[in-house]
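Laboratory data are not the source of any read-out in this text; all were calculated from the coordinates shown. None of the values given here were measured: they were computed from a predicted structure. Cβ atoms come from the backbone with ideal geometry, glycine included; neighbour counts cover every protein chain shown.
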Amino acid sequence: MMNKLASLLCIALFPTLSFAQQPSVNDTITRTAVIGFDINGNEVYYNPETPPLNQIAGAPKAFYTYFWEFGDGNYSFDKNPKHVYKKKGSFETRLWTTNNYDNGKPPVAKPKKIVVTNVDKDYNDIVQLDEHFGFRLQRNREPLPEQEMVVVVSYKNEKDYTTNGRIYLFYNERQFKNDNFELIDTRTYHGERKIEEEIIASSLEKDDGHSMLASLENNIAKYQIQLQDTTLRNNLPLTLEESKTKYKKWNILEFDDMEPGEERNIFHTIKTTPEMIKDTSAIVTLRGVYVPDRNYDDHKVKEMEMEIVTSHDPNKMSTKDVLLNYRFVRFKRVNYKIRFQNNGEGPARTIRLETDIPDMFDKTTLAVEDMYPKCEICPEEEVNYSCLDTMFTDKQAIFTFKNIYLPGSNQKNVKEYDSTQGFVKYSIKFGKDFHKIKTRSRTAIIFDKNEPILTNYSTTRFLPGISIGAKTGFNLFPEVDNSRSYFVGATISPYKSYRGYLQAELMLGNHTYDTRTTVQEDVIGPIDTPIGILDRVLRRRTSNAEVEKFNVDIVPVSYRYNLNKFIGVGGGPQVSLDVSNKRTLTFSEEYFLFINNQQGDPIPELFDEGTSEISDSFSDIRLGIFADITLGTARIGPSAGIRYVQNFDFPNRQWQFYAIWKF
């Protein structure tokens, strides 16, 4: 009996246990973290308390990363930071924890008030910005839909005098239909103030070393500038105008009285929107512009790339070219980035990245654009210094970091979290013959001799585009006499679809034909005629008509399928509307005398003939269905086709012969 009860209990609890072991990505349970600290004068030691991690099955060991904001304009990415406050006062410390390889929500920590009543330690927290040209953007995590992240803007006065300047932050790229981010809070600690200003570009006086592409649209010159990661520029109106054309929203802060050598930080809390792009291989950007002195146009530009994620995973593959225009990609370089992190307890000496290369790409055009750890490309012979080797198989490119030292995040005395991460950026062109289909790539990351870690799939897709086609031809109607029907029209469909697609058509035509001759006979009498009263007469009426129509044929939507690049088939409904309809009726009437019940000769005096016209508009709507086949360049360019239409009203059968050119 006890065994049966135990079995029933296990069965009842199994779904619950399974759910607990495999939490959903959309977990609604809020987890909390607690800010713990010990204070000694103005020196504070922080210690976070975090909930257990929900390990993703098959992923590397889950772990937390941390971001601290100390409430005085300073921050740290350490797990247990020590912070020395410069002055007395009450400071609000904030903590953000990020759960890596964990499919629950990040824990939320309430801010903690830190009261400093005694300053007896030297202030020694300095953010070194020299290698970043005095300007830097950082974030505490990658964007995940409906989660908050912190963007830190750090800037330094490198002038030898006190300055008053501006900081611009641009976000929400126009290339995406929906907004990706919402700026919900900005925290400043040095009197920075938000200003509302319309960004207006002045006339350009010189190139200033920009790489520009100019085009003329609606008589307005537009400029596209290829800005590097961190650059020094001196044409501020040009940079602002280009930034405005790329981003939908921006935030502007002004600052005053910044001393020479002084460094400051601004903290932006940004929430990703539910409508943000869901492609987990996409790269989105924020752009910062730092104007050290408002009296001059000299400025610095920093563009920060971020990768869309569904869970926080430091090993990831992504691309900036998520949506591509098929018309213009023939010579475009598609950019990819492979990001990895050593989560071990020791350094990695060799890192191998086995990356899928879709068939439509030309592997011979692959170029490594950047990498970390920074090293040279390996020569053909074996060397004992650090280098990056690239080799190819039929389906893959293999990047191998040799003779490097990449610390592990769990390695003793490793405090710089970024030092445990690396990446490879590469670009590649399409091959000579490629189709309009999406690509999928992922990477197997191998640290030394450990088991491979598989990244997400990075995808590229093509925009549908629009293809306008010019169409002309003639129709045959076997059920009517002397039919003459010609038309011209246009089609609209996606540009150069690979296999199946939808198409709409509009055709204007003229159709002329003769109706069948009808003969009607009846016997009448007696009748009074010029030759006397006739007892019995045969009356014969003969009539026919010529019909001329101006009609519109509409294919509201049809499904078409390209069997290959030369043959296409399709089918769908067709609606025909007679815009105008003119019938010219011709008739004759003859009489024949009956003699001994036999038809005699026509009576010449009893003969009549004439014509009449009947015109109307929008008099008839016919419905039908069709199937057809085209031969030629089926996806784009010229082709010829044959279509059979089965109409539900007379004339029921229709053959259409046409030529079409799609642009």
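Cut-off 13 Å, label point 7 angstrom out along Cα-to-Cβ of ASP433: give me the residues of region 498-519 whose amide nitrogen falls inside. Zone members listed by number: none at all.
With Cα atoms defining each centre, region 517-563 and region 363-378 are spaced 82 Å apart in the structure.
For the chain, the longest principal axis of the alpha carbon atoms and the long axis of helix 2-21 meet at an angle near 90°. Could you state the angle between the C-alpha long axis of helix 236-246 and the longest principal axis of the C-alpha atoms of the chain, as a value from 0 to 90 degrees rounded to the nearest 10? Tilt relative to the chain: about 50 degrees.
For the pair region 65-107 / region 418-432, the C-alpha centres are spaced 31 Å from each other.
Exposure proxy ranking for MET360, MET507, based on other Cβ atoms within 10 angstrom of each Cβ and starting from the fewest, stands as MET360, MET507. Calculated mean residue ellipticity, 222 nm, the chain: -1500 deg cm²/dmol, from DSSP H runs (n ≥ 4) at -39500 (n - 2.57) each, averaged per residue and rounded to 500.
Specify whether the C-alpha gyration tensor of the chain places it in the rounded, prolate or oblate class, a ≥ b ≥ c being the square roots of the eigenvalues: rounded for a/c under 1.5, otherwise prolate if a/b is larger than b/c and oblate if not.
It comes out prolate by the Cα gyration axes.
Qualifying chymotrypsin sites (Phe, Trp or Tyr not before Pro) in region 392-458, where qualification requires a DSSP coil assignment and no more than 12 other C-beta atoms within 10 Å, comprise TYR405. Projecting label points 7 angstrom from Cα along Cα→Cβ for LYS113 and LEU476 puts them 9.3 nm apart. With an a/c value of 1.5 or above and a/b larger than b/c for the gyration tensor axes a ≥ b ≥ c computed over the alpha-carbon atoms, region 316-462 is described as prolate. Going by a ≥ b ≥ c, the root eigenvalues of the Cα gyration tensor, does region 498-643 fall in the rounded group (a/c under 1.5), the prolate group (a/b larger than b/c) or the oblate group? Prolate is the answer for region 498-643, as a/c is 1.5 or above and a/b outweighs b/c.
Listed by Cβ neighbour count within 10 Å, with the fewest neighbours leading, ILE437, ILE270 appear as ILE437, ILE270. Listed from fewest to most Cβ neighbours within 10 Å, the set THR65, THR460 follows the order THR65, THR460. Sequence-distant contacts, meaning Cα pairs under 8 Å at least 6 residues apart, place the relative contact order of region 32-116 at 34 percent.
The mean sequence separation of alpha-carbon pairs under 8 Å and at least six residues apart, normalised by the residue count of the chain, gives a relative contact order of 9 percent. ILE524 sits among other residues whose Cβ lies under 15 Å from its own Cβ, and their net charge, with Lys and Arg +1 and Asp and Glu -1, is -3. With Cα atoms defining each centre, region 434-511 and region 585-663 are spaced 35 Å apart in the structure.
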